[in-house]
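Input: one structure, supplied below.
The values are calculated or read from the model by the stated rules, or taken from the named source; none is laboratory data. Quick caveat, the model's predicted, so the values are computed rather than measured. Neighbour counts are summed over all protein chains in view; Cβ atoms, including those assigned to glycine, are modelled from backbone coordinates with ideal geometry. In case anyone asks, the SASA skips ligands and DNA or RNA and just uses the protein heavy atoms, side chains included. Shrake-Rupley method; radii C 1.70, N 1.55, O 1.52, S 1.80 Å.
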Amino acid sequence: MNINSLIQLLIILEECSNPEVVVTELEQGIHGCGFDYYGLLRHVPQNPAQPNPEPWAAALAGRWPEQWPQIYTAKKYVLIDPMVRYLAHAQRPFRWRDSMAAFSKDGQQRRMEQMMVDAFGHGLEDGYIFPIHGRNGILGSLNLAGKPIELSPVEIALFEAVARKAFWRLLDLKGEVQALETVLPAETPLTRREMEILHYLAEGMTSMEISKMLKISNHTVDWYMNGLQDKLKAKNRQQVVALAFRHGLIS
C-alpha cells in the first residue's frame, strides 16, 4: 500500500506550484505511511562561531513533539547525537538503531542512550534518515520518526526518492537551487599514487597505516591527502571519500 502512495507522492511533488503545497503533500504522504514526526533538513556547513548547529537550524519543513526541540537544545544533545554523527559519513539511508550500533564503543555511549530514552518518552521511538547528496557532499536529509515501522527495501528506495524530490522542489520554488548546484572545477586527473591513497582512505585506514602500506613517510601521505582535498574541493577526508564515490573515482 505504501509503495503506490509513495509513487503517487513523487508525481504530486513534481507538479506542486508553491512551497506550501509541497510541505502539505509531503506531510500527508509521510503521515499516511505511519510516521507521526518528520524533518526535511538542509545541511548547515560548519561554522567556527557555531560549530554544532541544531539539526533544525535550517529546516525546510518538519513536525516534532512539543517541547522536544527545547529539551534537545537544553541538554546539548547535538554534541553527541548518534544520528547527526552517523549522517556525516552516511552514503545510504539508515535506521536510528544503526547509528546507535555504530557508536556502541564510543565514550559518549551512555549520553547517547540517555538521549534515546528522552526521545522515546516524547514519542520518538524509532526512525529512519535519508541523506540528500549533491556534487559537493551532503546537502540535507529527511528524518522520519514515531512508532517503530518496518520499511521494505522498495519503500526505503522510494522514500529516498521522495526526500530528494521534496528537497529540490522546495529549493527550486524558493529560487535557491543555483546556489547549491555549483559545479566542481574542471576535473584534474588523479595520479597513480593519489588513487592508491584514495582507495586505502576509503577502506578506513589512517595516515600512519597508509604510510606503512606504501612504505612512505606519514608526512608524505598527509601531503597527498591535502592534494586530494584541493582537487576534489573537499573540506575533510570524509568528504574526499564521499565525493570520490559520487564521481566514480572509486567503487
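Might you report the magnitude of the Cβ-based charge dipole of the chain about its Cα centre, with Lys and Arg at +1 and Asp and Glu at -1, to the nearest 20 debye?
900
Could I ask something else about it? By how many nm would the segment from Val117 to Ala88 grow when fully extended, if each residue of separation counts as 0.36 nm and the alpha-carbon distance is taken off?
So the extension gain works out to 8.2 nm.
If one takes the longest principal axis of the Cα atoms in the chain, at what angle in degrees, from 0 to 90 and to the nearest 10, does the Cα axis of helix 109-121 lie?
Helix 109-121 sits at roughly 20 degrees to that axis.
Still on this structure, please answer the following. What net charge is computed for the residues neighbouring Ile129, neighbours being all others with C-beta under 12 Å from the C-beta of Ile129, Lys and Arg scored +1, Asp and Glu -1?
0
R0 = 41 Å: FRET efficiency of Lys147 with Ile11, Cβ-based, nearest 0.05?
0.90
Here is a further query. Could you tell me which of Gly146, Trp96, Phe35 has its Cα farthest along the dipole of the stretch 2-153 towards the positive end, charges placed at Cβ (Lys, Arg +1; Asp, Glu -1), taken about the Cα centre?
Highest projection toward the positive end goes to Trp96.
Please give the per residue volume of the convex hull enclosing the alpha carbon atoms of the stretch 198-251, rounded to a whole number of Å³.
Cα-based convex hull of the stretch 198-251, divided per residue, equals 68 Å³.
Are there GluC sites (Glu not before Pro) in the stretch 101-156 that DSSP puts in a loop and that have at most 16 other Cβ atoms within 10 Å, and which ones?
Here the sparse-neighbourhood loop sites are Glu125, Glu150.
Normalised by the empirical 2.2 N^0.38 Å for globular proteins, what value does the Cα Rg of the stretch 72-222 take?
Ratio of Rg to 2.2 N^0.38 Å for the stretch 72-222: 1.31.
Post the alpha-carbon centroid distance, the stretch 205-251 to the stretch 88-167, in whole angstrom.
Between the Cα centre of the stretch 205-251 and that of the stretch 88-167, the gap is 27 Å.
Now for a separate question. In terms of Cα to Cα distance under 20 Å, which aspartates and glutamates are near enough to Lys215, apart from those fewer than 8 places away along the same chain?
Glu194, Glu196, Glu203
Still on this structure: So what's the angle, to the nearest 10 degrees on a 0 to 90 scale, between helix 192-202 and the longest Cα principal axis of the chain?
40
Excluding same-chain residues fewer than 8 positions from Lys75, which lysines have a Cα within less than 27 Å of its Cα?
Lys105, Lys147
Can you give me the angle between helix 2-15 and the longest principal axis of the chain, using Cα atoms only, in degrees from 0 to 90, rounded to the nearest 10?
The two axes meet at around 80 degrees.
Taking a probe of 1.4 angstrom, what is the accessible area of Trp68 in Å², to the nearest 10?
10
Say each of Arg193 and Asp36 gets a label point 7 Å from the Cα, pointing the same way as Cα to Cβ; how far apart are those two points in nm?
About 5.8 nm, to one decimal.
Loop only by DSSP, 16 or fewer other Cβ within 10 Å of the Cβ. Give me the chymotrypsin sites (Phe, Trp or Tyr not before Pro) in the stretch 109-164 that pass, ordered by residue number.
none
Which trypsin sites (Lys or Arg not before Pro) in the stretch 186-251 sit in a loop by DSSP (not H, G, I, E or B) and have at most 10 other Cβ atoms within 10 Å of their own Cβ?
In loop regions of the stretch 186-251 (DSSP not H, G, I, E or B), the sparsely surrounded trypsin sites (Lys or Arg not before Pro) are Lys215.
How many Å² of accessible area per residue for the stretch 204-245, probe 1.4 Å?
Ligands and nucleic acids excluded, the result is 58 Å² per residue.
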